[in-house]
Structure formats: structure tokens, C-alpha cells
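*Asks:* Sending over a structure as C-alpha cells; questions will come in a sec.
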Amino acid sequence: MMHNKRKFVLLSIIVLILSAVVVFILLSMHQPPNTGKQSVEDNTSHIIAQSDKPFYIEIPSTPATGYQWQADFDSKALKLVNVEFKQTQNQGIVGATEIQVFEFQPLAKQDSVVTLQYVRPWEKDVPAADTKIYKIFVK
């Protein structure tokens, strides 16, 4: 009886260890899908884009303050297709942060840089409140 109990405990431990190993392997293999979208929260300044597909930069913005992101880029390498604002979970709250979305289309298989500056467009000779730089690698 004691021998069977010991076998059961040993078998249970082995199964538990193997299960933990399988879970660890599965979790380490998980890669988030590459949607072509990049956000500041990603803590990255590199975007890998395909020459035949648009890519997006999403960045928090508070347009009610008058600030918005303005893009500076090489127009021979990239085309700015669209800029729009998406509401966050705080819909309906005046002054809430929104997501400003820039859609770019690569014009050539040429690496380039997009610089976003957080400014009030009507204020001239005033430094940007924030600047983000994205290195674009086109494949």
C-alpha cells in the first residue's frame, strides 16, 4: 500500500514538472502578431514596413489642449496617406486623451525616419512639447 502511494506521488510530481515545461515552452514561443501598428507604449522607435503595404503609427494625443502631433518625413520615401483621431475608453469625456493615427505608404524600398513633434500648430517659434523619432525599415 505504501509502495503504491509513493508511486502515485512520484508520478504526480513528474506530470506536474512536464506540464510546467510544456507551458513554459508554449509561452516562450508566443509572439504577438505583427499588425504593422506601432505605439509609443511599445518603447520602440523602429518599424519594419513592407513596401507594398501601408503602416501605422499610433500615439496618445490630447487635442482639446490644442496640441497635436505633426509628422516630418522624407516625402521621396514615404507618403502620408491619412491622419485621424481614435477615441479611447474615455469616450464622451471632454479633454480626454485620444489616439492620433498616422497612416504612411512606403514609396520605395528605402529606409527613412519619421519625426513626430507634439505642438500647437498656431504657435510659431515655440519648441515642441515632446518629440518622438521612428526609424522606418522598408522590406
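*Asks:* Tell me yes or no: at least one residue of the range 119-132 is aromatic (Phe, Trp, Tyr) and either surrounded by 14 or more Cβ atoms within 10 Å (Cβ to Cβ) or under 21 Å from the mean Cα position of the chain (by Cα) (or both).
*Replies:* Checked against the condition, which is being aromatic (Phe, Trp, Tyr) and either surrounded by 14 or more Cβ atoms within 10 Å (Cβ to Cβ) or under 21 Å from the mean Cα position of the chain (by Cα) (or both), the range 119-132 yields no hits at all.
*Asks:* Right, another one. Please report, ordered by residue number, the strands (runs of 3 or more DSSP E) entirely within the range 24-99 with at least 1 residues that are of a type in the set (D, E, K, R) and at pLDDT 70 or above.
*Replies:* Hits in the range 24-99: 55-61, 68-73, 78-87.
The values are calculated or read from the model by the stated rules, or taken from the named source; none is laboratory data. Keep in mind it's a predicted model, so treat the numbers as computed, not measured. With ideal geometry, Cβ positions are generated from the backbone for all residues, glycine too; neighbour counts draw on all protein chains shown.
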